[in-house]
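One structure is given below, encoded as structure tokens.
Values quoted throughout were computed directly from the atomic coordinates according to the rules given, and no laboratory measurement underlies them. Just so we're clear, the structure is a prediction, and the values are computed from it rather than from any experiment. Quick reminder, even Gly has a Cβ in these numbers, built from the backbone with ideal geometry, and neighbours come from all protein chains shown.
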Amino acid sequence: MKALKFNISGKTAFFKKPDVNTYYYFTYGSIHKVALLGIVGAILGLKGYNQQENNRYPEFYELLKDLDIAIVPKNEEGSISKKVQIFNNSVGYASEEKGGNLIVKEQWLENPRWVVYIKLDGYENNQIDDICKEIEERFLKRNFVYIPYLGKNDHIANIDNMSVVDMNTTKQEKINSLFFKDDFKISLEQDEDWDFDDTESLWKYEEKLPISLEERTNQYETRTMIATNMKLDINNDLNLYKDEENVLFFF
């Protein structure tokens, strides 16, 4: 199997959660699949939410939703620092308060970094195969139609170290990427054969992240995902892949 591999990072990022109030907007703690498909869609020049009109999904999601991806967190212990940013929205319709000012607070991720893999072959859909060829070409040539952002246009995405890598199946007991919590179990038995650096502390990042859009409302559908350096009980019914650097779960 072949996959496109690239680094994606930024000074800040904001992947807005839908459960917000009027004054405080929270972010997911990691880039997620829907956001990543949006970034790929921008690079390909596909239409987004603002151009959806009466279509079932935004164009980027309709065409890219069947892509298999893997996301490897690169911040320390899989966790990204957050900081609250305060804005004064003085647009007249923004607030009914005196002066028309509305104080808005946004929670931003600071210095986020990931390695992303996109599966390029093995699909049973000719349209996806054609899209993968264009994805590979545009990434390797850095020929982006639109500027990619990490959530919104305040947060420019830096994309580099693009390459196509060979992936092989594996049954290793450690996964470097995010994976579904329901599909694996953290093992409390660290046997002698377990490859672990004694100077490294055990850690786990866990959060419900968007993996798809609901068809009727286009609201996020989420699943609990985990990143950890702990040993796992591997489900033999699921395929894991590895390159020279990482063991990956594609979804």
I need the phi-derived Karplus couplings for the range 222-233: 6.51 cos²θ - 1.76 cosθ + 1.60, θ = phi - 60°, integer Hz, Gly and Pro marked x. 10, 9, 6, 10, 10, 10, 7, 9, 7, 5, 10, 7
In nm, give the distance between the simple-model label positions of K208 and I147, each being 7 Å from the Cα along the Cα-to-Cβ direction. 3.4
Under the rule of at least 5 residues apart or a separate chain, name every residue whose amide H is placed under 5 Å from the amide H of I80. none
Quick one: helix 126-141 against the long Cα principal axis of the chain, what's the angle to the nearest 10°, folded into 0 to 90? 80
Using θ = phi - 60° and Karplus 6.51 cos²θ - 1.76 cosθ + 1.60, couplings along the range 149-160 (whole Hz; Gly, Pro as x): 10, 8, x, 7, 6, 6, 10, 6, 8, 9, 10, 8
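Using a 10 Å cut-off around each Cβ, can you sort V40, V84 from fewest to most neighbouring Cβ atoms? Working shown, then result.
Numbers: V40 22, V84 11.
Fewest-to-most Cβ neighbours within 10 Å comes out as V84, V40.
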From the phi angles alone, apply the Karplus equation (6.51, -1.76, 1.60; θ = phi - 60°) to the range 169-176 and give each ³J(HN,Hα) in whole Hz, x where the residue is Gly or Pro. 5, 8, 10, 4, 9, 10, 10, 8
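Run the numbers for E244 and K83: contour at 0.36 nm per residue of separation, minus the present Cα-Cα distance, in nm.
My answer for the length gained is 54.5 nm.
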Amide H proximity to I211 below 5 Å, modelled H, separation 5+ or other chain, gives E221, T222, R223
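Which of E76, E244 comes first, and how do the rest follow, when ranked by fewest Cβ neighbours within 10 Å?
Working: E76 10, E244 6.
Ascending number of Cβ neighbours within 10 Å: E244, E76.
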So how tilted is helix 33-44 from the main axis of the chain? Cα-based, degrees 0 to 90, rounded to 10. 80
Mean residue ellipticity at 222 nm from the helices of the chain, using -39,500 (n - 2.57) per DSSP H segment of n ≥ 4 over the full residue count, to the nearest 500 deg cm²/dmol? -4000 deg cm²/dmol
